[in-house]
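The values are calculated or read from the model by the stated rules, or taken from the named source; none is laboratory data. This is a predicted model, so every value here is computed, not measured. Because the Cβ atoms are built from the backbone with ideal geometry, glycine has one as well, and the counts that use them run over all protein chains shown. Ligands, DNA and RNA are stripped out before the accessible areas are found, and what is left, the full protein with its side chains, is counted by its heavy atoms. Shrake-Rupley method; radii C 1.70, N 1.55, O 1.52, S 1.80 Å.
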Amino acid sequence: MSGGNSQALTAALGAVVGEQDCVTGPGTERYLVDHRALYRGAALAVVTPRSVGAVSRVLAFCNERRIGVVPQGGNTSYCGGAVPDESGRQVVLSLERLNRIRSVEASDYSLIAEAGCLLVEVQRAAEAAERFFPLSLGSEGSCQIGGNLSTNAGGTNVLRYGMARDQVLGLEVVLADGRVLSSLPGLRKDNTGYDLDDLFLGAEGTLGIITAASLKLLPLPRAVATAFIAVRDVAAAVALLARLRDATGDRVTSFELVPRLAVELTVKHIPGVVDPLEAPHDWYVLCELASPRAAEPLDEFLEEALAGALESGLVLDAALARNAHQGTAFWRLRESIPEAQRRDGASLKHDISLPVSRLAEFVARASIWLGAQFQEGRLIAYGHVGDGNLHFNLNQAPGASRERFLAREADVRRTIHDLVHDFGGSFSAEHGIGRLKVDELERYASQPKLALMHLLKAALDPQGILNPGKVLHSA
Ligand code: FAD
Ligand code: 2HG
Ligand code: ZN
């Protein structure tokens, strides 16, 4: 594209979306680099439409001219999903100005949020109506609900409440040619043909642009109990989960695995984080119970169940949060692990999931290989053990060279993902595919699945303008 041509296109795009909402050059930098700084793209323009009509006009304009459109929410993707390629020919469509809570219907236990609402704003809007929106991620202060739905985000409450997909009653989506498809306000029961909404959830902006969603709400939790628990090993963590679910009437909302190294790195790098227990242990679990019944004695349930587990040797030690402040401190440790990892040096990340029953065996098998073959890295496997989802990450070992550590990225990834595959697991549990894992999807997805994905892509986006090169290689 020549300079003159791109200037003319940008001017025309400005006329479509509104000049003040179409930016080029300086000021666009933050839209072009992903959160992990894996990719640095370039864009024809960044547009920030303020209405569904404006999103629709942008797509119709780009579809006619075969200009790639990269939807962007909070740009916290771990897979480079929300940034343009290096060609300078794609348009970034940021949803940040489409950020109204359109309605909260407490009696329907639902609200309608525009895609650009921050996750934390959705949680707050629910709370203001004495309702609860359960999706919760470490990035909730900066990611947007449209991004959460487009990645089918998980987080720390999935065990009890499900993934982002499970929170949806209806969607408003702008299709590649600009038409608006809407199932708002969203019904709990609607069996009128194919479930089209489901197509766009987890599609990472490759099939349509979500502009608003009707979301399910729940009663507010009124009783909460939190504990930081040292366990014998990963198998003990898995066994403890089943015990706690039984003993507490299935009140467990979060069950997060934390290895010793994560405690050490957060204490070292994150101001204010302290080790909750006196003696060090190899593995911990951060467990939370919640109930909408204020009178429910969750602390007692937890204390009793942990006492039994201590006797049987599953649990080695535990700290029960005596107040909300202590609970927040435990969560701060857990939520700071990605940042502590980042401050400690280079890291390799694997967002894997397996049947919960096979986690311990997997960790043991992979650890043997890593111990023998990858001395430049130290394993820091943590996360949503209750969902079978571990962030099976590796950090540069002290004294190891950064270059030699990073040079092993591809072969370490291959070994870990192959092993995950052998165990019947997934190489992408909750972070999506983005640009980073397109080849992984090609390698591990079945032929019928890939063929159907390409068919759907061609049907919904025949010009291939929606987030080209993400999830699937461009046709
Ligand atoms: P973006 O990064 O902007 O976009 C993500 C993808 O969705 C891109 O492909 C983009 O093109 C597309 N997209 C964005 N908005 C729309 C839209 N309106 N319509 C169509 N497509 C769109 N993820 C988890 O699942 N669980 C976690 O526990 C978790 N913890 C995290 C902790 C930290 C500290 C960080 C930095 C990230 C974490 N993430 C986690 C990853 C990330 O926050 C999530 O994937 C989140 O859902 C992305 O939201 P976003 O608004 O930033 O989306
Ligand atoms: C978490 O659970 C996030 O903290 C981030 O999903 C995981 O940094 C990671 O690998
Ligand atoms: Zn996670």
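Only residues that are more than 16 Å from ligand 2 (Cβ to nearest atom) and either open to solvent by less than 60 Å² (accessible area, probe 1.4 Å) or in a helix (DSSP H, G or I) (or both) were counted in the stretch 426-445, giving 7. Taking the stated definitions as given, is GLY81 crowded, with 22+ Cβ neighbours inside 10 Å, within 24 Å of LEU175 (Cβ to Cβ) and out of contact with any strand residue (DSSP E or B) (no Cβ under 6 Å at 6 or more places or on another chain)? In short, yes.
Pick out, from the stretch 272-354, the helices (runs of 4 or more DSSP H) lying fully within it that include 3 or more residues that are within 22 Å of the chain's Cα centre (by Cα), buried (at least 16 other Cβ atoms within 10 Å of the Cβ) and away from ligand 3 (no atom under 16 Å from the Cβ).
So the answer is none; nothing clears 3.
Can you say whether GLY146 is in contact (Cβ under 8 Å) with a residue 24 or more places away in the chain, assigned to a helix (DSSP H, G or I), buried (at least 22 other Cβ atoms within 10 Å of the Cβ) and not hydrophobic (A, V, I, L, M, F, W, C), as far as the supplied structure shows? Against the criterion (in contact (Cβ under 8 Å) with a residue 24 or more places away in the chain, assigned to a helix (DSSP H, G or I), buried (at least 22 other Cβ atoms within 10 Å of the Cβ) and not hydrophobic (A, V, I, L, M, F, W, C)), GLY146 qualifies.
Residues to consider are GLY249, GLY178; find the one that is out of contact with any strand residue (DSSP E or B) (no Cβ under 8 Å at 6 or more places or on another chain), part of a loop (DSSP other than H, G, I, E, B) and at pLDDT 95 or above.
On the way: GLY249 fails: at pLDDT 95 or above.
Just a single option satisfies the conditions, and that option is GLY178.
For LEU215, indicate whether it is of a type in the set (A, V, I, L, M, F, W, C) and either open to solvent by 20 Å² or more (accessible area, probe 1.4 Å) or on the phi > 0 side of the Ramachandran plot (or both). So LEU215 fails the test. Within the stretch 376-385, can one find any residue that is open to solvent by 50 Å² or more (accessible area, probe 1.4 Å), in a helix (DSSP H, G or I) and at pLDDT 95 or above? No - not one qualifying residue is present in the stretch 376-385.
Quick check: anything in the stretch 182-204 buried (at least 17 other Cβ atoms within 10 Å of the Cβ), free of Cβ contacts under 8 Å to residues at least 60 places away in the same chain and farther than 21 Å from GLY154 by Cβ? Checked the stretch 182-204: at least one residue is buried (at least 17 other Cβ atoms within 10 Å of the Cβ), free of Cβ contacts under 8 Å to residues at least 60 places away in the same chain and farther than 21 Å from GLY154 by Cβ.
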